[in-house]
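The block underneath contains the structure these notes are about, expressed in structure tokens.
The values are calculated or read from the model by the stated rules, or taken from the named source; none is laboratory data. On a predicted model such as this, the values are computed, not experimentally measured, just so you know. Glycine gets a Cβ as well: all are built from the backbone with ideal geometry, and neighbour counts include every protein chain shown. For accessibility, only protein heavy atoms count, side chains too; no ligands or nucleic acids. Shrake-Rupley method; radii C 1.70, N 1.55, O 1.52, S 1.80 Å.
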Amino acid sequence: PLELTKDCVRTYSAFARSKGLQLYACIDANLPDRVCGDPLRIRQILNNLLSNAIKFTDNGRVVLRLRGLETRDGRIDLDWQVSDSGVGISQAQQQQLFDTFYQAEDATSQAGAGLGLAICKWLCELMHGQLKVVSEPGLGSSFTLQVALKPVPGTLADCPAFSPGTPAVYGRALDPLR
């Protein structure tokens, strides 16, 4: 989780810098070094959330927070939270935000196809996770990805390298996620 989070911030640092924004991460020091999950899909969700946060923030900052809480069944609830000081989203818009092809009314100059958040929500649900938003117009937005993953033995130094087409879970294929 640590390396994945750092890589995501590194990927978007130039984009944030070009807009004059601060981009940084706050990471829980008590995270396990390794967990069993789908790093490609988690990265896809985080990349979309970071890209949107930077796109809809004209000044201030974007922060990616990661914390982990151990659950009763030995899993770790990993919470990635992307917060920005951008335009914010009204309550009415939040109701439709994860709908396919939905675009916020005031986002026309920076709008995409309206698929990013819908895909993120779908991927999150396939991993039995949650994707939530808290926002207020003029005060920014905060999106939280929560996924419960099982810690696996090992350290960052002995993590396997993944290449495209390689199953993303150690030693077993992912059912619907590849």
**Report entry** Matching residues, the range 26-53, being of a type in the set (A, V, I, L, M) and either surrounded by 21 or more Cβ atoms within 10 Å (Cβ to Cβ) or out of contact with any strand residue (DSSP E or B) (no Cβ under 7 Å at 6 or more places or on another chain) (or both)
**Finding:** Ala29, Val35, Leu40, Ile42, Ile45, Leu46, Leu49, Leu50, Ala53
Query raised in the report: Which condition number in (1) buried (at least 17 other Cβ atoms within 10 Å of the Cβ); (2) modelled with pLDDT under 95; (3) closer than 16 Å to Ser135 by Cα is the one that Leu64 fails?
Result: (2)
Query - Members of the range 17-67 found to be β-branched (Val, Ile, Thr) and out of contact with any Asp or Glu (no Cβ under 9 Å at 6 or more places or on another chain), listed by number - result: Ile27, Val35, Ile42, Ile45
Query raised in the report: When only residues in the range 76-125 that are charged (D, E, K, R) and modelled with pLDDT under 80 count, which is nearest to the chain's Cα centre (by Cα)?
Result: Asp99
Requested in this report: Go through the range 3-44 and count every residue that is of a type in the set (A, V, I, L, M) and either under 22 Å from Glu70 (Cβ atoms) or assigned to a loop (DSSP other than H, G, I, E, B) (or both).
Outcome: 8
**Report entry** Whichever residue in the range 116-137 is open to solvent by 60 Å² or more (accessible area, probe 1.4 Å), of a type outside the set (S, T, N, Q) and assigned to a strand (DSSP E or B) and, among such residues, is nearest to Thr57 (Cα to Cα)
**Finding:** Glu136
